[in-house]
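Working notes, beginning with the structure itself.
The values are calculated or read from the model by the stated rules, or taken from the named source; none is laboratory data. All values reported here derive from a predicted model rather than from experimental measurement. Backbone-built Cβ (ideal geometry, glycine too); neighbour counts: all protein chains shown. Heavy atoms of the whole protein, side chains included, go into the accessibility calculation; ligands, DNA and RNA do not. Shrake-Rupley method; radii C 1.70, N 1.55, O 1.52, S 1.80 Å.
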Amino acid sequence: MDVTEILEAHQAQFKPITVEKLVPVDFDINMLVTFDTNALDEKTLKSKTNTDKYLLELTRDNTQLIVNELFKLPVNSADAGVLAVLPHRKSILPREKELPKDKPLTRWEKFAKVKGIQNSKRERMVYDEETGAYKPRWGYQGAKEEGTVAQDWVIPVPDHGDPMEDQYAKVREEKKGRSETNAKRQRRNQEEGTAATLAGKKDIKEFKKHELQTAIAASKQATASLGKFDAKLKHETKMKGITHQFSETIGDVKAEKNSSLDILKKIVGKNDIVNTEKAVRMQSKREYAANFDNKKKWADKKKFENKKGGDRKRDRDDKKKGGKR
């Protein structure tokens, strides 16, 4: 039985894996992308019947080229199966988010930059030859240089100071106060830097300048002329968005009349902007509240009169009893 014809007919149903292109395409196998720079057939694209078929065939050919490149790659065996080792990426994609802004400099960093001070970090632990061990360069149990003694082995008493005062305790208190002051300044610098970063400003100076300009704009809006006749500050920029139109003192009488009539029509005209239902409802509430107050006052007055009459009757009964005694 000859099955050649059957195999050929079955093979004819599938397209070959070899694809020929006039211009070789570029690949980025790491991203599974191919870049086809060949010219498209404009006549086929403009036709109403063969457009979809043409695009489908073009997509199929390019996909076949990517699959062919994948089978050329080296492979590794893993628990999931045989995996191809993808090459490095060639295409550079744009960032999803903008580049991070530079961290604002602190007061000390600005000062060091202006003065040219460079931060040279020294090791904290140093070797002590006397003990043969490493000790901290400063602080508790710190190492000391050879042939030196503590600088505070004796502290002179000031001329007008208390001779009985402990000078060592005084020095410790002053050092503690300086440490607290430095800690407050550090917190202030961190807060100012954070505030400037959240506001989108370069540093705290620019942030405070923006705040000052905002306060000036707010103060100008407090006047009737919106700061038009206020004295200008030095290097003051013109504020945007502040506009105010003033009608002329002596102008067209007809235009003034029409303006007054428009205002009158809005109040009592056909296009009444007053909500009559709401007005009636509010008036009924007022009347109900007034009637309720009157009834309450009348009830309180009646109650007071009844109480007063009862007290008088009780006094008469007491007098009668006292007379009988």
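Of the numbered criteria (1) part of a helix (DSSP H, G or I); (2) surrounded by 11 or more Cβ atoms within 10 Å (Cβ to Cβ); (3) of a type in the set (A, V, I, L, M), the one ALA218 fails is (2). Going through (1) at positive phi; (2) in contact with an Asp or Glu (Cβ under 9 Å, 6 or more places away or on another chain) one by one, LEU32 falls short only on (2). Would you say THR197 is among the hydroxyl-bearing types (Ser, Thr, Tyr) and modelled with pLDDT under 85? Spelling it out, THR197 is indeed among the hydroxyl-bearing types (Ser, Thr, Tyr) and modelled with pLDDT under 85. The condition (being of a type outside the set (Gly, Ala, Ser), within 30 Å of LEU99 (Cα to Cα) and without any contact (Cβ under 8 Å) to a residue 60 or more places away in the chain) is satisfied by just one residue among GLU130, GLU180, GLU206: GLU206. Remark: pairs (first residue in the stretch 1-20, closer than 22 Å to ILE66 by Cα and open to solvent by 100 Å² or more (accessible area, probe 1.4 Å); second residue assigned to a helix (DSSP H, G or I) and at pLDDT 75 or above; Cβ separation under 7 Å; 6+ apart in sequence or on different chains) = ILE17/GLN64; ILE17/ASN68. On inspection, SER120 fails the criterion of being assigned to a loop (DSSP other than H, G, I, E, B), open to solvent by less than 100 Å² (accessible area, probe 1.4 Å) and closer than 30 Å to ASP26 by Cβ.
Could you check, for the stretch 146-158, whether at least one of its residues is at pLDDT 75 or above, touching a helix residue (DSSP H, G or I) at 6+ places or on another chain (Cβ under 7 Å), under 30 Å from ASP128 (Cα atoms) and not polar (S, T, N, Q)? Yes, some residue in the stretch 146-158 is at pLDDT 75 or above, touching a helix residue (DSSP H, G or I) at 6+ places or on another chain (Cβ under 7 Å), under 30 Å from ASP128 (Cα atoms) and not polar (S, T, N, Q). Of the residues making up the stretch 78-114, those that are among the hydroxyl-bearing types (Ser, Thr, Tyr) and not in a loop (DSSP other than H, G, I, E, B) number 0. Between residues in the stretch 113-124 that are over 26 Å from LYS135 (Cα atoms) and at pLDDT below 85 and residues that are open to solvent by less than 100 Å² (accessible area, probe 1.4 Å) and not hydroxyl-bearing (Ser, Thr, Tyr), which pairs lie under 6 Å by C-beta distance while being six or more apart or on different chains? Short answer, once both residue conditions are applied: none. The residues listed here are ASN38, ASN68; of these, the one that is in a helix (DSSP H, G or I), polar (S, T, N, Q) and open to solvent by less than 70 Å² (accessible area, probe 1.4 Å) is ASN68.
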